[in-house]
Structure formats: C-alpha cells, structure tokens
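This report refers to the structure that appears directly beneath it.
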Amino acid sequence: MTPAGATPRPARVAVHAGQLIQPVPGGIGRYVHELVRALVDAGTEVVPFAAGDLTGHLEAGSPPVDLGRPGPPWRYVLWHRLRRPRVRLPVDVVHAPSLAVPPVAGSALVVTVNDVAFLRHPEVFTRRGVGFHRRGLDLTRRHADVVVTPSEFVRRELADEGFDPDLVVVAPHGASSPRPADPARHDALLARAGVEEPFVLAVGTVEPRKNLGVLAAAVGRIRRRRPELSLVVAGPAGWLEVTGIDGPEVRRLGRVDEVTLDALYRRAVACGIPSLYEGFGLPALEAMSRGCPLVVAEAGSLPEVTGDTALRAPPHDVDAWEQALEAILDDRTATGERASRARDRAAGFTWARSAEQHVAAYGRAMQVRAEGRP
C-alpha cells in the first residue's frame, strides 16, 4: 500500500505508440522509442498501444495492443471530435506522448505537450495541422490529470495558455550514449553516404519550422571563401514546401540510420539548428554528447538545452549565422573548449533520468485522479 500522502508509483502504464507507424515518426517517434525502453529498464511495466501493428517498432515493453480499425488519421478524428472509442486497458495510467489525445476509461491520463509551435507560428503548419493540434491542446487542458513537457520553456508557454503549473511536470529528453569512436568506420559510412568533408550538419525532419534556408544561405556565403564547405541535411521530408535548400552547397541525405548519423555528428565542422521554435531539440543534445560544435537559434528551448556550450544567432539573421560558423572554423581553441563543456552538460541528460521523471508524473496523475480534482 502507498502511505497516506505519498505519491503512488504506477505498476502498469499504457503508452500510445502510434507515432512509430507514421510515415515520418520524427522527434516524437524517437521520444516514444527511447522512453518505452527506459521505463522498462526502470522497472515499469509498459503496454504500448496503437491503431495498427507495432511489430518490429519496439524492442521493449509488453506485447503491444492493436486497437484495430479505424486507423489513423480517422481514429484521431474520432478521438478529438466525438471522444470515442474509449481506450480501455487494465493499466494505472494512459500516456499520450503527443496531442493525439485518446479518451480513456478507468485510468489516469497523462499527455505530453512537446511544444505549442502551432500557436506561435501557424504559418509553417498546414491548416489541418493547426486545427488538429489546437483541438488536442484544448482536450489536454480539460482532460489530462497531469501534463508532461520536455523543457521549462514549454512549461511557461503552457502557463500562458491557462494550464495549472502545479499539474505540469518537466521531464527533459535524454541523449543515448555515443558509440566509441571508430575513425575507419566513420570514413566508410561517409563515403557510402556520398559525403565529403568539411561540412556543416543539419538534422531533423525537413519542414518550414526548421528554417533551413537561413543556414544554407550562410553556408553559401562562406563557400565564396571556402569552396570546399557544404551543408549536409540528414532527415526525411516533412510537410509544406521548404525553399532555399536546393543550391549546390546542400547535400540532402533523407533519413539515415543511427550509425551513419553518429558518424555525421562526429565529422561535421559544426551542427546548425536555426529553428524558429523548438520545444526541446534532440539534435542539439545528440551533437553535444559527441562534442560537435553547435550554432543554435536564439529561440524556443534551444538556449535552455545548450546553455553556454553553443554559439547563438537570431533565426532570420543570415549575417549572424555566417559569423558564428566562421568563428567555429577560425578559432579551434575556443571551439574545443565549448565542445568539452557540451559533453559534460549532455551527460546530465539521460533517458533513465527522464523515465524517472515520467514515473513521478504518472504517480502524480494517479493521485489527482484519486482525489477527483477538477
């Protein structure tokens, strides 16, 4: 039994893993995959569920539950418009790791709000996407017992949107431990990908919010003095048209596997993240853990995540991005010192720690549900 006044610890948690079977799982897919594994390692029984077959998408957790038809997007439409069909599973908590918010029966509900970019920059989303996420945020406000966010920045954003700060738990993402360096293997992986050094790296789904045109423009200017430099973009195409990344300075790889991505981080002269808005920014943490020099936008959660380990530039200021990249190329001593601090800082972000923070959020949600708090 849980002592009076103590936060209970959940025995079984159902995690909606539908993002993993989407054409572009993106950062949320990575979050789901790593979180499920870390929760299991922490001793929590996890029941993944989705409206579809999760076979081969998760290595951890109990056998996944297939909710059957209808699949996405129609199931999500029904969840959001009619609050049907309910998710009925023998678990303590149902966790929605995105704003596809299921109606639940008999369990506490936890929802992760990764960001509210759709409110701050609706112009970089489809009209349908804005409507879907607005509805999901409203349902979260009304039905979630506890909300999880990946950063203090998003927690403040939710407070501005009327959420009770006492019911918002910050659980930052983690960085998987890098593989030991293997220069010969890195050479082979880059050659297979058709990548020549030196290059600046950008990682993530290619969509307007990532603001990659600014980074490409900055690299294009530097190429006038350093014609060997290129921009390598690793990530699948997302939604809406992205302009400014079709020049000779850009090499687009599409989705790459983990070992190739590791090699890219280790060999890049810099990683650039010019996003208009990020709720966390996993590529920043991945770059930090490998000592890859970083330039990030002065926007969203990126300054919070990187601290003093990255150079910063306004998202739309090509001059500032050019100068920051040149500073990395020119001053290897200062760049090396920042890289060392970055590794140390990244070591504090682990999926094990994130899992424990999620478990605390689940227990808090059970407590709120038991108290019948509106």
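The values are calculated or read from the model by the stated rules, or taken from the named source; none is laboratory data. Everything quoted here is computed from the prediction, not taken from an experiment. Glycine also receives a Cβ, built like all others from the backbone with ideal geometry; neighbour counts cover every protein chain displayed. Only protein heavy atoms, including side chains, enter the accessible area calculation; ligands, DNA and RNA are left aside. Shrake-Rupley method; radii C 1.70, N 1.55, O 1.52, S 1.80 Å.
In the stretch 274-291, which residues are among the hydrophobic types (A, V, I, L, M, F, W, C), surrounded by 24 or more Cβ atoms within 10 Å (Cβ to Cβ) and within 17 Å of Leu311 (Cβ to Cβ)?
Ala284, Ala287, Met288
Before we move on, is Gln367 closer than 28 Å to Arg209 by Cβ, of a type in the set (S, T, N, Q) and either modelled with pLDDT of 95 or more or surrounded by fewer than 19 Cβ atoms within 10 Å (Cβ to Cβ) (or both)?
For Gln367, the condition - closer than 28 Å to Arg209 by Cβ, of a type in the set (S, T, N, Q) and either modelled with pLDDT of 95 or more or surrounded by fewer than 19 Cβ atoms within 10 Å (Cβ to Cβ) (or both) - is not met.
Suppose we filter Arg290, Arg341 for residues that are touching a residue at least 40 places away in the same chain (Cβ under 8 Å), among the basic types (Lys, Arg) and more than 22 Å from Gly213 (Cα to Cα); which single one remains?
Of the residues listed, the single one that is touching a residue at least 40 places away in the same chain (Cβ under 8 Å), among the basic types (Lys, Arg) and more than 22 Å from Gly213 (Cα to Cα) is Arg290.
Might you check whether a residue that is at pLDDT 95 or above, over 24 Å from the mean Cα position of the chain (by Cα) and over 30 Å from Arg12 (Cα atoms) occurs anywhere in the stretch 298-318?
Within the stretch 298-318, one or more residues are at pLDDT 95 or above, over 24 Å from the mean Cα position of the chain (by Cα) and over 30 Å from Arg12 (Cα atoms).
Please list, ordered by first then second residue, the pairs with beta carbon atoms under 9 Å, 6 or more apart or interchain, first in the stretch 144-158 and outside any loop (DSSP other than H, G, I, E, B), second among the charged types (D, E, K, R) and crowded, with 22+ Cβ neighbours inside 10 Å.
Thr149/Asp115; Thr149/Glu157; Phe153/Asp115; Phe153/Glu278; Val154/Asp115; Glu157/Asp115
Being crowded, with 19+ Cβ neighbours inside 10 Å and farther than 24 Å from Val359 by Cα narrows it down to one residue among His173, His133; which is it?
His133
Asp166 versus (1) among the acidic types (Asp, Glu); (2) loosely packed, with under 13 Cβ neighbours inside 10 Å; (3) not in a helix (DSSP H, G or I): which is the lone unmet condition?
Among (1) among the acidic types (Asp, Glu); (2) loosely packed, with under 13 Cβ neighbours inside 10 Å; (3) not in a helix (DSSP H, G or I), Asp166 violates only (3).
So, Pro183, is that one modelled with pLDDT under 95, of a type outside the set (S, T, N, Q) and in contact with an Asp or Glu (Cβ under 7 Å, 6 or more places away or on another chain) or not?
So Pro183 fails the test.
Out of all the residues in the stretch 23-35, which are open to solvent by 20 Å² or more (accessible area, probe 1.4 Å), modelled with pLDDT of 90 or more and more than 10 Å from the chain's Cα centre (by Cα)?
His33
So which of Glu286, Glu278 ends up being more than 17 Å from Val200 (Cβ to Cβ) and among the acidic types (Asp, Glu)?
Glu278
Pull up the stretch 147-156, narrow it to residues that are out of contact with any Lys or Arg (no Cβ under 8 Å at 6 or more places or on another chain) and surrounded by 18 or more Cβ atoms within 10 Å (Cβ to Cβ), then point me to the one that is farthest from Pro283 (Cα to Cα).
Val147
Restricting the stretch 335-374 to residues that are aromatic (Phe, Trp, Tyr) and in a helix (DSSP H, G or I), which is farthest from Thr140 (Cα to Cα)?
Trp351
Is it the case that Pro70 is within 19 Å of the chain's Cα centre (by Cα), open to solvent by 10 Å² or more (accessible area, probe 1.4 Å) and without any contact (Cβ under 8 Å) to a residue 40 or more places away in the chain?
no
Looking only at residues that are without any contact (Cβ under 8 Å) to a residue 60 or more places away in the chain, part of a loop (DSSP other than H, G, I, E, B) and under 20 Å from Ala320 (Cβ atoms) in the stretch 200-228, which one is most open to solvent (accessible area, probe 1.4 Å)?
The selected residue is Arg224.
Which residues, taken from the stretch 231-241, are crowded, with 18+ Cβ neighbours inside 10 Å and on the phi < 0 side of the Ramachandran plot?
Correct list: Leu231, Val232, Val233, Ala234.
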